[in-house]
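This report refers to the structure that appears directly beneath it.
The values are calculated or read from the model by the stated rules, or taken from the named source; none is laboratory data. From a predicted model like this one, the values you see are computed outputs, not experimental measurements. Positions of Cβ are backbone-derived with ideal geometry, glycine not excepted, and every protein chain shown enters the neighbour counts.
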Amino acid sequence: MIVVFIFAAVFGVLVFSGVIPIGEGDGLGGQGTVVLWGTVKNSAIFQALEDFNTANPSFSVKYVEKSSENFDRDLLEALASGTGPDMFFLPDDLAFHYANKISTIPYSNYSLSTFQNTFAGAGEVFLNKSGMIAFPMAIDPLVMYYNRSILDANSIIYPPASWDEMSQMVPMITKKDDSNKILKSAVSLGHFSNISHAKDIITALFMQTGNPILAGKNGVVQSTLNDISTSGSSLAEVLNFYTDFANPTNTVYSWNRSFQDSRVSFSREDLAFYFGYASELASLVNQNPNQNFLIAPFPQMNNSNFKLTSAQVTGLAISSFSKNLNTAFIAASLMATGDFADKFRLAIGVAPARRDLLARKPEDAYSPVFYDSALYARTWLDPSPKETDDIFRRMIDGVLANNISSEDAIREASSRLSLLLQQ
């Protein structure tokens with residue numbers, strides 16, 4: 001069985017890397033049916049999967065749609081009972097949690113340089129010290145949606161490209177009454193609970209300083225929040241910049257707890273700039289069809305020698321408990337390298353993870369920004385989304401309440417993150 005397992009793993013890698021030239025329509029070596037789990041609507045990828053199965057008649061992939069709320073629980077229970085899928089679409093925030101339940105492709109069979117030449121940098125969240133745990137399939141970058149009508153009314157020609165430009169625009173756009181109550185907001189920053197993707201925004205700001213949030217040291221993943229930034233900006237300074245937007249005495253004051261969620265406020269046209277994901281485009285249009293908005297890249301730090309935004313990355317992982325491992329490897333390889341990958345990203349409304357597909361930007365009003373952002377997007381290996389939400393919420397709320405200094409809040413968050421990694 002060990003020999004068969006090793007052969008299957010190596011064969012799958014060789015297929016994926018092109019050493020064994022198998023194209024769609026051949027499916028050499030694959031037999032039977034393999035089961036794929038994910039949270040993508042079945043109706044969205046039905047045709048893409050039908051085309052894939054038709055092109056590979058020697059085997060088939062059966063897709064099972066799961067709810068996003070119960071996906072983690074259902075998958076863990078199924079794998080533990082031996083009834084789990086052969087493959088599953090892996091969100092980046094579950095990569096840390098499932099690394100020991102996935103069949104890893106070692107670097108000796110698929111090199112780091114080959115991976116980096118094939119996929120955009122955000123896909124590196126699926127790499128660990130042993131190799132690749134999932135084929136990157138799609139990148140959903142964090143971008144800036146902006147209300148064109150609000151900018152036009154304030155004689156602002158272009159949306160801000162940098163955080164300095166954002167700070168200059170906020171007093172021009174934010175409208176207050178005589179009691180300093182905010183009537184119309186420029187941007188939703190400063191708080192946590194009523195800001196969509198607050199953790200992703202603050203961690204993007206941290207990563208823009210050069211801090212990766214987590215990093216492997218001596219083979220162990222550790223928090224880097226206490227490390228000195230490579231750009232010269234301390235994370236405490238970045239945290240102060242973020243919370244200033246919720247400080248009534250500051251000129252950039254534009255957000256408080258009285259507002260509804262930032263996404264709702266944007267759709268109600270009470271907010272000029274909203275930081276959201278590419279996948280939210282269709283729902284934002286549906287929420288207010290009459291709203292005049294466009295998108296722009298996530299703002300960057302001045303004088304930085306690189307660009308960076310957050311992203312949600314979807315990978316295709318192969319369960320180490322699969323009873324048809326050889327076919328699962330072949331199917332995953334062909335899905336990641338063939339037409340299915342492009343159809344998949346189109347179905348979920350995001351950018352592809354493959355560099356060759358990112359080079360072919362659709363000519364609509366939104367995709368060029370999504371594709372460009374995907375190239376410089378990054379994410380981090382979140383060990384537990386709910387618990388890290390609490391860590392960053394406490395950090396921000398503590399500073400806003402003046403219960404703790406920004407420096408101490410960063411140190412406390414780093415300590416709690418390190419403890420979480422040890423569990």
- Pairing a residue in the range 141-158 that is within 17 Å of Phe275 (Cβ to Cβ) with any residue that is aliphatic (A, V, I, L, M) and not in a strand (DSSP E or B), where Cβ atoms lie under 7 Å and the two sit 6 or more apart in sequence or on different chains, gives Pro141/Ala278; Pro141/Ala374; Leu142/Ala204; Val143/Ala278; Val143/Val369; Tyr145/Leu284; Ile150/Ile173
- Note on the structure: Residues of the range 125-138 being touching a strand residue (DSSP E or B) at 6+ places or on another chain (Cβ under 7 Å) and not in a helix (DSSP H, G or I), in sequence order, are Lys129, Ser130, Gly131, Met132, Ile133, Ala134, Phe135, Pro136, Met137, Ala138
- Task: Take the range 211-223 and flag every residue that is crowded, with 19+ Cβ neighbours inside 10 Å, touching a residue at least 60 places away in the same chain (Cβ under 8 Å) and either more than 21 Å from Asn128 (Cα to Cα) or out of contact with any Phe, Trp or Tyr (no Cβ under 8 Å at 6 or more places or on another chain) (or both).
- Result: Ser223
- Message: Where the second residue is assigned to a helix (DSSP H, G or I) and not β-branched (Val, Ile, Thr) and the first is under 16 Å from Lys386 (Cα atoms) and modelled with pLDDT of 95 or more and lies in the range 396-423, which pairs have Cβ atoms under 7 Å and are six or more apart or on separate chains?
- Response: Ala413/Phe392; Ala413/Met395; Leu420/Glu387
- Selection from the range 129-140 of residues that are surrounded by fewer than 21 Cβ atoms within 10 Å (Cβ to Cβ) and either in contact (Cβ under 8 Å) with a residue 60 or more places away in the chain or more than 21 Å from Ser320 (Cβ to Cβ) (or both): Lys129
- Item | Filter result (touching a Gly at 6+ places or on another chain (Cβ under 9 Å), modelled with pLDDT of 95 or more and assigned to a strand (DSSP E or B)) within the range 88-124 | Phe88, Phe89, Leu90, Pro91
- If we scan the range 230-244, do we find a residue that is within 18 Å of Thr379 (Cα to Cα), under 25 Å from the mean Cα position of the chain (by Cα) and assigned to a strand (DSSP E or B)? no
